[in-house]
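The values are calculated or read from the model by the stated rules, or taken from the named source; none is laboratory data. All of these numbers come straight from a predicted model, not from anything done at the bench. Note that each Cβ is placed from the backbone with ideal geometry, even for glycine, and that neighbours are counted across all protein chains shown. We work out accessible area using only protein heavy atoms, side chains counted, and drop any ligands, DNA or RNA first. Shrake-Rupley method; radii C 1.70, N 1.55, O 1.52, S 1.80 Å.
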Amino acid sequence: MQFSASKPYQHPQSAEEAVQLQQQLREQISLSPLTAPVRYLAGADISFNLYEDTVYAGIVVLELPGLTPVVHALAQCVAGFPYVPGLLSFREIPSLLQAWELLPLKPDALVVDGHGIAHPRRMGIASHFGLVTGCPSMGCAKKKLAGRYEEPALEKGSISPLLHKKEVIGWAFRSKTGTKPVFISLGNGMSGEDALSLTRRSLGKYRIPEPTRQAHLLVNRFRRGEVPAGVHWYVRPPHTPSPTEK
DNA sequence: GCGACAG
DNA sequence: ATCTTGTCGC
């Protein structure tokens, strides 16, 4: 992955405190372009049972250009914050961080299920998680949280800017012809061109781009007990020479 | 005051 | 977010 210091995650004890943290964190965001090509692109998502506070988090690393799964990490923990629109990251990041720390291969960029700067205070979960991990990040959400937009053309690949307070905070992106658009926004450590390019390279046969779609399918299987917690390689792990065989 | 409101 | 079968439309 690239150079970018990871910031420690701070957990708020109230909604007011959470908002203050976000206002402080937004100043640390960088929207400068990626400085290295993206070979490994990851998708992150969480799942849980309604009325329960156990969170099932997962991160899948795909290799471009084929979007081939390489490795994934799954972690389970208890939610330490309620779901409040605008404060989603405080509910999901602790669990995602556990999965992140388990990952033996850090991706070159990360796509989080949710918004990045397309947020009332420009601090959605994609931006927050990008800062905490030090990994370039972007958000891919199914519904908008803030801003207004014009419907993009019906053809796959069409985009329309998402505007909030006279600023472009993201794009309504037609990921599949004739279906509702998804919302793409910057997280941290990349430019708008980077995010749109990565999204185009992540499109498969479905509305949801592969990184996030794969992560979603994975965490649901995890929640149902169909796959175990921990790390799983889809291909042979990279060979690590032992001291004796140098 | 009213509508909107990621996962 | 999750619970669920069939059904309508390109």
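Please list, ordered by residue number, the strands (runs of 3 or more DSSP E) wholly in segment A:16-116 having 2 or more residues that are within 14 Å of DNA strand B (Cβ to nearest atom).
Correct list: A:40-47, A:54-63, A:109-113.
Set side by side, the residues A:Leu163, A:Leu145 differ, and just one is within 16 Å of the chain's Cα centre (by Cα), more than 17 Å from A:Arg213 (Cα to Cα) and open to solvent by 60 Å² or more (accessible area, probe 1.4 Å), which is A:Leu145. Counting residues in segment A:116-125 that are touching a strand residue (DSSP E or B) at 6+ places or on another chain (Cβ under 6 Å), closer than 21 Å to A:His232 by Cβ and of a type in the set (A, V, I, L, M) gives zero.
Sub-7 Å Cβ pairs linking a first residue in segment A:137-148 that is over 18 Å from A:Leu96 (Cβ atoms) to a second residue that is open to solvent by 10 Å² or more (accessible area, probe 1.4 Å) and more than 8 Å from DNA strand B (Cβ to nearest atom), at least 6 apart or interchain, are A:Ala146/A:Pro120; A:Ala146/A:His164; A:Gly147/A:Leu163; A:Gly147/A:His164; A:Arg148/A:Leu163, ordered by first then second residue.
Let's see how each residue does on (1) farther than 30 Å from A:Ser6 by Cβ; (2) within 16 Å of DNA strand C (Cβ to nearest atom); (3) among the acidic types (Asp, Glu); (4) touching a Phe, Trp or Tyr at 6+ places or on another chain (Cβ under 6 Å):
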{"position": "A:Lys142", "(1), (2), (3), (4)": "no, yes, no, no"}
{"position": "A:Leu145", "(1), (2), (3), (4)": "no, yes, no, no"}
{"position": "A:Arg148", "(1), (2), (3), (4)": "yes, no, no, no"}
{"position": "A:Leu163", "(1), (2), (3), (4)": "yes, no, no, no"}
{"position": "A:Trp171", "(1), (2), (3), (4)": "no, no, no, no"}
{"position": "A:Thr179", "(1), (2), (3), (4)": "yes, yes, no, no"}
{"position": "A:Gly187", "(1), (2), (3), (4)": "no, no, no, no"}
{"position": "A:Glu193", "(1), (2), (3), (4)": "no, no, yes, no"}
{"position": "A:Ser197", "(1), (2), (3), (4)": "no, no, no, no"}
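Number of residues in segment A:209-229 that are over 23 Å from A:Ser89 (Cα atoms) and either in contact with a helix residue (DSSP H, G or I) (Cβ under 9 Å, 6 or more places away or on another chain) or not in a loop (DSSP other than H, G, I, E, B) (or both) equals 3. Only one of the numbered conditions (1) open to solvent by 40 Å² or more (accessible area, probe 1.4 Å); (2) at pLDDT 95 or above is not met by A:Tyr56, and that is (1). In segment A:117-133, the condition of being farther than 30 Å from A:Pro8 by Cα and either within 16 Å of DNA strand C (Cβ to nearest atom) or over 13 Å from the mean Cα position of the chain (by Cα) (or both) is met by no residue. Looking only at segment A:32-41, decide whether some residue is in contact with a Pro (Cβ under 9 Å, 6 or more places away or on another chain), touching a residue at least 24 places away in the same chain (Cβ under 8 Å), among the aromatic types (Phe, Trp, Tyr) and open to solvent by less than 20 Å² (accessible area, probe 1.4 Å). No, segment A:32-41 has no match at all. Residues in segment A:158-195 that are among the hydroxyl-bearing types (Ser, Thr, Tyr) and either modelled with pLDDT under 95 or out of contact with any strand residue (DSSP E or B) (no Cβ under 7 Å at 6 or more places or on another chain) (or both): A:Ser158, A:Thr177, A:Thr179, A:Ser191. Scanning segment A:169-208 for residues that are open to solvent by 30 Å² or more (accessible area, probe 1.4 Å) and either assigned to a loop (DSSP other than H, G, I, E, B) or within 12 Å of DNA strand B (Cβ to nearest atom) (or both) yields a count of 11. Just to be sure, is A:Pro65 at pLDDT 95 or above and open to solvent by less than 50 Å² (accessible area, probe 1.4 Å)? Considered against the rule, which asks whether it is at pLDDT 95 or above and open to solvent by less than 50 Å² (accessible area, probe 1.4 Å), A:Pro65 comes out as no. Can we say A:Ser158 is of a type in the set (Ser, Thr, Tyr) and free of Cβ contacts under 8 Å to residues at least 24 places away in the same chain? It is true that A:Ser158 is of a type in the set (Ser, Thr, Tyr) and free of Cβ contacts under 8 Å to residues at least 24 places away in the same chain.
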